[in-house]
1. Whole angstrom only: what separates the Cα centroid of the range 70-109 from the Cα centroid of the range 209-229?
2. Using the basic label-point model (7 angstrom from Cα toward the beta carbon), what is the Cys388 to Ile438 distance in nanometres?
3. Tally Lys and Arg at +1 and Asp and Glu at -1 over the other residues with C-beta under 12 Å from the C-beta of Leu211: what net charge comes out?
4. What translational D, rounded to a whole number of µm²/s, comes out for the range 384-479 from Stokes-Einstein when the hydrodynamic radius is the Kirkwood one over Cα pairs, at 20 °C and 1.002 mPa s?
5. Normalised by the residues of the chain, what does the relative contact order come to in percent, with Cα pairs under 8 Å and at least six apart?
6. What angle, in degrees between 0 and 90 and rounded to the nearest 10, separates the Cα long axis of helix 407-420 from the longest principal axis of the Cα atoms of the chain?
7. Suppose we take every Cα in the chain and form the convex hull; what volume per residue is that in Å³?
8. In this model, which of Lys291/Lys578; Lys302/Lys332; Lys198/Lys302; Lys85/Lys198 are farther than 26 Å apart at the alpha-carbon?
Amino acid sequence: MRPHSPAGKKHTLTILVTLVALCTIGYQYTTPTDLYWDENYHIASAQKYLNGIFFMEPHPPLGKLLIAAGEALIDANPEDRDFIKIDYAKTLPSGFSFAGYRLFPVICAVLSVPFFFIFLNGLSAQPLVSFILSLALALDNAFVVHNRAAMLEGIQLFFIFATLAGITSIYRRIEHKTPLSITPYLTGIALGAAVATKATSLIIFAFTIVLIVALWRQRLLLLKLCSQIVLSALSVYLLSWQTHNALGTRIESALPENGFYQASAETRQIIANRDTSSLKAFWPLLRDNLKFFSHYERGVPKLNLCNQSENGSTPLLWPIGGRTINYRWDKKDGATRYTYLVVNPVVWAIGLFGLIASAALWISSILGRCEMPREWKLFAGALLLMWCSYMGVMVSLDRVMYLYHYLIPLSLTLALGAITIPQVRLSALRFTPPAQAIYLLVAGAIFAAFRFYAPLTYGYPLNNEEVSSRALLDAWDLRCPDCDLTNHLARPVCNPKEKRFPQVRIGNIFATDSFQDWGEPIQGLAVEKQEVFVAGKRYETVIGTHANSNLRFPLNKRFTSLRGKAALPDYLTTKQGKAASVIFEIWLDGLQIWASKRLTPQEQMQEFDLSVFGGSLLELRTLDAGDSNNNDHAVWLDTELG
């Protein structure tokens, strides 16, 4: 590999790529002026931090703490109490501003691009190639649209790239025998922050193989480095949890389990004593939060590729951009403004080429079929190990996953491209164009594709034909809201538990493709075909079901409200064996809008009165509350759409 470029050139390219990222990601970041995707959860969590409310979430706390910090810094809203009684924000108050809540996610996403450039240049010592591929990230429509919101991924990617840049810098310093200074500590801090944002950041440890190989004969130095990095990371990770614990001093009884979520008796006593910030309370609180992760995961639905409203996709389709997600749309005067997660096809094609070419070259070099530089084999092997580790985990998960989960492996494929593209020779051509000309053409193609898909990124109006013209691959399932599913690749296998239950209905709206782990749902009776009494009162308007289940009803935007009750029938008090316990959830268009506390036969029923305005698909879910589903008979009572 070539010697490093002059510092001035590197700094200039770093500034340029930062400015591009600022223009693409930071441009009017407060639009759309409504919630989309996981903002509904993260802004609700941020408001709990701002008001000192105890809560539990399925992710580590740092990302949500930064979302709250942005609002605390800017103070763009007169009150931040709109969502402290719910885990899922829905209706925004008049004049609500996203300027604070989206601030740090956007800043981190912007800064992730120059750190990605620093990482690539540290790997390849090819500043121009590194610049083009960092530019590709800043001009990837999926990367931009997802990270312009109060999401966790932009924050996570910033810390991941900072960690990878730090590890690469340590490797280069060892190679050139220059002092390491505080680089190991800064690398550890970035690593701890990445893991404290999302647990998937743990794949970074696969990249540390480059340090292990470099220092295998200097094991004392290797041990010292590992200690500095790991201890710094652990300090940041634990400090994030301590901050989370210390802020949760109050209970909001409207939240699940009367505001205690899945907290143990010990944790409940700590909160009652307002002792959440003490070191003695740290472990019980952390233990309960970590347990909540697995509890939450059990309630996440499985991927259902037969469902027309499914936004999830199989990881096998991610490298080619399948499937896209329509986050938001606003239809007016025959045109629609979209916030749509769709890839830049040129960027993802470069990533796919980098992955395939590097894997082929690496395997060939290991088998002795071709000669590759030792350093290339080390870096390519580490990056391929990270990619395979991440994708292996994704494929093994039983829950639904989404296209934006590929942003981490996408960046790894671009890194593979950065070290592999300079190794590719075009000697077979009669005329070999200058490398600079090729890079200029690639940059132009990336920019042209970004502009073509920009209306879906920034909400410029499009008609149905214009949307259809951007559906490059069938597997993308890129379509207007009222258009039928055309994607056949994205649903090759149907869930064997998916059944049609035409006898189950709300009013005259029948359930469609739904599932239930045990038995079948039934109208008017409990799941064992018994009459339903709750607290001694007989009910006739009943949907009897059994955890775990998911009943789906097509609303087609025809209704504005949903009312009803959730309960367990009285006869369960005489059942032998495990005591029944069920959590009820209501989802609208893939987003949770209501959840009950953990109900037992001795508990009072819970009522709901919810807005479903503009909704297309309603889901009534029952979960086993994390203690197996034996005897978990559940009933939906007096449900009514209005």
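The values are calculated or read from the model by the stated rules, or taken from the named source; none is laboratory data. Quick caveat, the model's predicted, so the values are computed rather than measured. FYI the Cβ positions are ideal-geometry reconstructions off the backbone, even for glycines, and counts take in every protein chain you see. Only protein heavy atoms, including side chains, enter the accessible area calculation; ligands, DNA and RNA are left aside. Shrake-Rupley method; radii C 1.70, N 1.55, O 1.52, S 1.80 Å.
1. Here the answer is 43 Å between Cα centres.
2. So the two model labels end up 2.7 nm from each other.
3. Numbers: positive: Arg172, Arg173, Arg219, Lys224; negative: Glu175.
Local charge sum for Leu211: +3.
4. The calculation lands on 126 µm²/s.
5. Details: 1227 pairs, mean separation 79.1, N = 642.
Computed value for the chain: 12 percent relative contact order.
6. In the chain, helix 407-420 runs at an angle near 10 degrees to the longest axis.
7. On the way: hull volume 114.6 nm³, N = 642.
Hull volume normalised by residue count: 179 Å³.
8. Details: Lys291/Lys578 21 Å; Lys302/Lys332 34 Å; Lys198/Lys302 20 Å; Lys85/Lys198 24 Å.
Listed pairs above 26 Å: Lys302/Lys332.
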